[in-house]
Amino acid sequence: MKNSNFWAIACLALAAVPAPADEGIWLLNGFPSARVHKQHGFLVKQDFLDKLRLASVRLVDGGSGSFVSENGLLFTNHHVASDCVQKLSTAQHDYMKDGFYAKTEAEEKTCPGAEANVLLEIKDVTAQVNREVHAETPAADANRLRKAAMSAVEKECSDITGNRCDVVTLYSGGMYHLYRYKKYSDVRLVFAPELSVAAFGGDPDNFTYPRYCLDFAFLRAYENGKPARTPDYLKWSKSGVKQGELTFVSGHPGSTGRMATLAELLFSRDVSYPFLLGYLDGVIQSLKKFSAHSEENKRIAQDNLFSQQNSFKAFTGFLAGLKDDSLIGRKRDDEQSLKAKIMSNEESRAKYGKTWDEVAAAYNEYREFYRPLLLLERLPVRGSELFPIARAVLRYPVEKAKPNAQRLREYSEAGLASLEQSMYSDAPIHPEMEIAMVQHYLRYLSKELGPENPLLKQMLDGRGPAEAARHIVETSKLSDVAERKRLAADAKLAAASQDGMLKLARILDEEARRLRRRYEDRIEAVVTGSASRIAQARFSVYGSEDYPDATFTLRISYGPAKGYKDANNRAVPYATDFAGLYARATGKEPYELPERWLKSKSKLNLRTPFNFVTTCDTHGGNSGSPTVNTKGEVIGILFDGNIEGLPNRFLYRDERERSVHVPSQGIVESLRKIYGASRILAELNVIDK
């Protein structure tokens, strides 16, 4: 299903030398079957890829999964499902602490606001998106024209098919694909283990290996009030993972930066990552302080805290990679080599020679306003559940009244149903945690923008950050879904409302939109146009097939289950086992096992694999991706990478860099001998029904 125009124009080669053996987050319509066959002796056929495509699931709040039965049983990570588990929990029924198992279909609980997508079709719409864009079109106008075209293509697809339709930007604008999805908006919780074993080791062990996490959960997709029919499911392996065997991961990696120019990488190293880490650290400290007040506060904040800590540790690893002289050196050498070849030819020099300078100039300008853009538009009130709702309620009626082509992209017609489902979710809102998050935000703004900043003064309204935060939250009624619907139905009502959180959103809105417009016109527009030309330049020199950076769309990665030697040259085995879990347990957080695990130890085969590693090329967003063997059978689930692998965001290496999975054997052992989850085991065809 390769498009010849695509390979002739938009392909990017990362270097003039062959890629490492198992590198690649491959498109479904661009998978290197011949390469895999040559390296591993297994020929990946189209029916194998189609099966993975139709069984793989994208969970729109940021993760992956797969169908593992014909009745909509959905396999994912605990940390992906934890948003649902947390929202369903109460002080009386803490499913994060105690786990959850629906012994009957009637006991399966609806996850508030959840949505699952299955990819039905991929279509190249590059020509349609670029139809109104010409060589002489100014960059900002070209960017707006492309976005308008993308919204139009999505709406036409959605109107005709009734499916969710997303136009995906690939190769930084070198190509555009239309992804058509079947959408499940009724997703229910079936099983989740206790958090203490799902995230055993907590933040200290996050992004490490050897590892001992039972990080899986089961959900179920429903249609018309009944379990969905999903005939294209993945069968569960009877034997499980084996050392050295070839594995495949199908999932939705969020973003990578392998095709970034040196200017972009240096911007991330020197500007965006250090600032983001400082912001995240403040959120984390505020959540820890809030959690320390009571056990109930700790329960309320635990999922939020884990999410912030996970992001902080990931960006710490990314920044470490960019501070690695060898990584930056390889990127610099690659770019300089390509530029030298381009400049040696008069025709290519005229066509491409200024491209890198244009990108560098854009990122120099971006340094001037990145911080306020992040704080006011991209990540305002980080850690708050209520502020994103307030912003959506404010912008929804304004954007909906505009022609589809002129709206902010997240309010385009094709995506409104999903937006409304999220905006009107009945998930619980916790006022005291909201106050803590708003208070941190106001204090951070004071530090970054200065206490005399006019916007900050409006937010504080003569109060200190603590008093202002409490006033903003306590005068908001947006916890009530009916109130959200009332205000979102009329832009004038939303504009006049004295609701505290809505007023905060209004104060930010004008400046946030201005900064966003500046970014889209001055940075995004230049980078998109330049990246497309760099794609053409690179192809003209190297002519090599390659994959685009990750875009939270379905990709396939592959590699063997394989151990490694650590930095001290000590052998690290490919798998850990139950015996290692018990040896690491100390009885104190974060190495405390649930009581039922302590009582059931004698029943277990302690040599059963508990976690394992592969060389599969995976990234954030892949969490919950099924790990399958060459038969297409589930042998595990991806849940993490090791710390050494975080710089793979920019440059794939596989000496010590590994993806970390929970094996199917460990899941079955725990379901059978600890949880007695016979209904699930029967549905997986592990035991007789």
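The values are calculated or read from the model by the stated rules, or taken from the named source; none is laboratory data. Bear in mind that the values here come from a model prediction, so they are computed numbers and not experimental data. Cβ sites come from the backbone with ideal geometry, for glycine too, and all protein chains shown count toward neighbours.
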Taking region 400-414 only, how many residues are under 14 Å from A152 (Cβ atoms) and in a loop (DSSP other than H, G, I, E, B)? 4
Find all pairs meeting these conditions: Cβ atoms under 9 angstrom apart; at least six residues apart or on different chains; first residue within region 194-212 and assigned by TED's automatic domain parsing to the domain that holds E592 and in a helix (DSSP H, G or I); second residue charged (D, E, K, R) and surrounded by fewer than 24 Cβ atoms within 10 Å (Cβ to Cβ). L195/K97; L195/D303; S196/K97; S196/E589; S196/E592; G202/E589; D203/K313; D205/R584
Can you tell me which condition F315 does not meet? The list is (1) under 21 Å from the mean Cα position of the chain (by Cα); (2) in contact (Cβ under 8 Å) with a residue 12 or more places away in the chain; (3) farther than 16 Å from D270 by Cα, and all the others hold. (3)
1 or more residues without any contact (Cβ under 8 Å) to a residue 40 or more places away in the chain: qualifying helices (runs of 4 or more DSSP H) within region 486-561: 491-496, 500-518
Yes or no: D215 outside any helix (DSSP H, G or I) and farther than 25 Å from F639 by Cα? no
Pairs only if they're at least six apart or on different chains, beta carbon under 7 angstrom, first in region 225-238 and free of Cβ contacts under 8 Å to residues at least 60 places away in the same chain and within 14 Å of L189 (Cα to Cα), second surrounded by 11 or more Cβ atoms within 10 Å (Cβ to Cβ) and of a type outside the set (K, R); list them, first residue then second. none
So, in region 261-307, of the ones that are small (G, A, S) and in contact (Cβ under 8 Å) with a residue 12 or more places away in the chain, which residue ends up nearest to A91 (Cα to Cα)? A301
Quick one: is E633 surrounded by 16 or more Cβ atoms within 10 Å (Cβ to Cβ), within 17 Å of S664 (Cβ to Cβ) and among the acidic types (D, E)? yes
Here are some residues: E657, E633. Which one is assigned by TED's automatic domain parsing to the domain that holds Y574, at pLDDT 95 or above and out of contact with any Gly (no Cβ under 8 Å at 6 or more places or on another chain)? E633
Can you pull out the residues in region 447-488 that are charged (D, E, K, R) and more than 22 Å from P397 (Cα to Cα)? K447, E448, E452, K457, D461, R463, E467, R470, E474
Looking only at residues in region 449-464 that are at pLDDT 95 or above and closer than 16 Å to F369 by Cα, which one is surrounded by the most Cβ atoms within 10 Å (Cβ to Cβ)? L455
Within region 585-596, is there a residue that is in a helix (DSSP H, G or I) and not acidic (D, E)? yes
Residues of region 622-664 that turn out to be within 14 Å of K562 (Cβ to Cβ), of a type in the set (D, E, K, R) and part of a strand (DSSP E or B), as a count: 0
Selection status of T230, more than 30 Å from R607 (Cα to Cα), among the β-branched types (V, I, T) and either out of contact with any helix residue (DSSP H, G or I) (no Cβ under 9 Å at 6 or more places or on another chain) or not assigned by TED's automatic domain parsing to the domain that holds R607 (or both): no
May I ask you to say which residue of K339, K351, K298 is surrounded by 14 or more Cβ atoms within 10 Å (Cβ to Cβ) and under 30 Å from M433 (Cα atoms)? K298
Could you identify the single residue in D617, D654, D577 that is within 20 Å of S56 (Cβ to Cβ) and surrounded by 16 or more Cβ atoms within 10 Å (Cβ to Cβ)? D617
Can you tell me how many residues in region 152-170 are under 19 Å from V60 (Cα atoms) and among the hydroxyl-bearing types (S, T, Y)? 2
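Residue-wise test of (1) under 30 Å from E474 (Cβ atoms); (2) in contact with a Ser or Thr (Cβ under 6 Å, 6 or more places away or on another chain); (3) polar (S, T, N, Q).
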{"position": "R506", "(1), (2), (3)": "yes, no, no"}
{"position": "D509", "(1), (2), (3)": "yes, no, no"}
{"position": "A537", "(1), (2), (3)": "no, no, no"}
{"position": "G559", "(1), (2), (3)": "no, yes, no"}
{"position": "G563", "(1), (2), (3)": "no, no, no"}
{"position": "D566", "(1), (2), (3)": "no, no, no"}
{"position": "Y574", "(1), (2), (3)": "no, no, no"}
{"position": "F578", "(1), (2), (3)": "no, yes, no"}
What is the residue count in region 415-460 for residues that are more than 24 Å from Y279 (Cα to Cα) and in a helix (DSSP H, G or I)? 9
Failed condition for K477, given (1) assigned to a helix (DSSP H, G or I); (2) charged (D, E, K, R); (3) touching an Asp or Glu at 6+ places or on another chain (Cβ under 7 Å), with all others met? (1)
Do we find that Y519 is outside the structural domain of L373 (by TED's automatic domain parsing), modelled with pLDDT of 85 or more and either charged (D, E, K, R) or under 30 Å from L59 (Cα atoms) (or both) in this structure? no
